[in-house]
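Have a look at the structure below, then the notes.
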Amino acid sequence: METPLLNGGAEEGYGGADGDYQPLRSWREVRSMVWKETVKLWRVAGPLAFQILCQFGTNSMTSVFVGHIGNLQLSAVSISLSVIGTFSFGFMLGMGSALETLCGQAYGAGQVHLLGVYLQRSWIILLVTCVILSPVYVFATPILKVLGQEDAIADLAGQFTIETIPQLFSLAIIFPTQKFLQAQSKVNVQATIAFVALILHIGMLSVFIFVFGWARLVQL
């Protein structure tokens, strides 16, 4: 673990022996340095921001399409996503974020073989966590009624929540994989996957609701 976490300063054109920039002596050099650092930052932050937008876009698009079915259905789905879904999403994201530190340290220290070990351990831990959180999904209806929701909304929201249990387990795979790729700066892969998933999600919503007419089954 004594290997420097950051190296390659000379290759980046810093010029300093410690991998930092040499003293800047003019505004031109300052502008050049700021531009270089800005470009480097957005090469990482841009795809990550786009990926997060796509990730949250799946729930947003779900609400948009359900709004075409009816007010009751929209209320139920919105309550499910905002109460039960947000709780589990935040819980899983918090636990998965621990992998960001571990993978970052391992990759920076050159111990690449540990990345896969940490990833697999995180998968196991989060999958077990999903099993523990599953009763919240199963008993979503009584939980929402205790919180004061109307019976009709709580019943339909509970039905929808149970059907989204597979999404909970998918988070156990998604979050660790995101941190695994992010530690290696493979952010373009994350952005591409998130975009494709969003497009497929919108396509399936369109087909199931407007083509197959499954929305009518929900209204019955």
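Just so you know, all these numbers are worked out from the coordinates, no wet-lab data involved. Everything quoted here is computed from the prediction, not taken from an experiment. For neighbour counting, all protein chains shown are included, and Cβ atoms are generated from backbone atoms with ideal geometry for every residue, glycine included.
Structure notes:
- Assuming charge only on the beta carbon of Lys and Arg (+1) and of Asp and Glu (-1), the dipole of the range 13-113 about its Cα centre is about 320 debye to the nearest 20.
- Relative to the longest principal axis of the Cα atoms of the chain, the long axis of helix 98-108 lies at roughly 30 degrees.
- Spatial offset of the range 185-215 relative to the range 35-57 amounts to 20 Å, using the alpha carbon center of each.
- Our coupling estimate for the range 161-178, obtained by passing each phi through the Karplus curve with A = 6.51, B = -1.76, C = 1.60 and θ = phi - 60°, is 5, 4, 6, 9, 4, x, 5, 4, 6, 5, 5, 5, 8, 5, 4, x, 5, 4 Hz, Gly and Pro reported as x.
- For the chain, a Gaussian network of Cα nodes joined below 10 Å ranks Gln111, Gln55, Gln178 by mean-square fluctuation, and the top entry is Gln111.
- Among (1) 12.3; (2) 16.2; (3) 14.4, the entry that matches mean projected area of the Cα convex hull in nm² as calculated here: (2)
- Placing unit charges on the Cβ atoms only, positive for Lys and Arg and negative for Asp and Glu, gives the chain a dipole magnitude near 340 debye about its Cα centre.
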